[in-house]
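Structure record follows, encoded as structure tokens.
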Amino acid sequence: MKNTALKYTMLLIEFFILSVFIHFITIAPLIDIYCIDYICSNLMNTFLLMIVEPVLCILIVVWLLNKKEKQYYDTISNN
């Protein structure tokens, strides 16, 4: 179980780093193009980067962990 926790913690950190790169390469320039107001643009970028993207990363990792646990318990119940 210790290895599983470490594996999914590292996966979560990798997702966070990947989401930051994706944000600054694709999402932030699009928001800057379509938002005329500077304050609105910064507010949207901050909201996405600090709230939405980490929540999505956590949800993906939780979904993967639940899928793995279900497979584990299915193999135990079949034996």
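The values are calculated or read from the model by the stated rules, or taken from the named source; none is laboratory data. These figures come from a predicted structure and were not determined experimentally. With ideal geometry, Cβ positions are generated from the backbone for all residues, glycine too; neighbour counts draw on all protein chains shown. With ligands, DNA and RNA removed, areas are computed over all heavy atoms of the protein, side chains included. Shrake-Rupley method; radii C 1.70, N 1.55, O 1.52, S 1.80 Å.
General remarks:
- All conditions in (1) out of contact with any Leu (no Cβ under 8 Å at 6 or more places or on another chain); (2) open to solvent by less than 100 Å² (accessible area, probe 1.4 Å) hold for MET50, with the sole exception of (2).
- Only residues that are of a type in the set (Gly, Ala, Ser) and without any contact (Cβ under 8 Å) to a residue 24 or more places away in the chain were counted in the range 7-58, giving 2.
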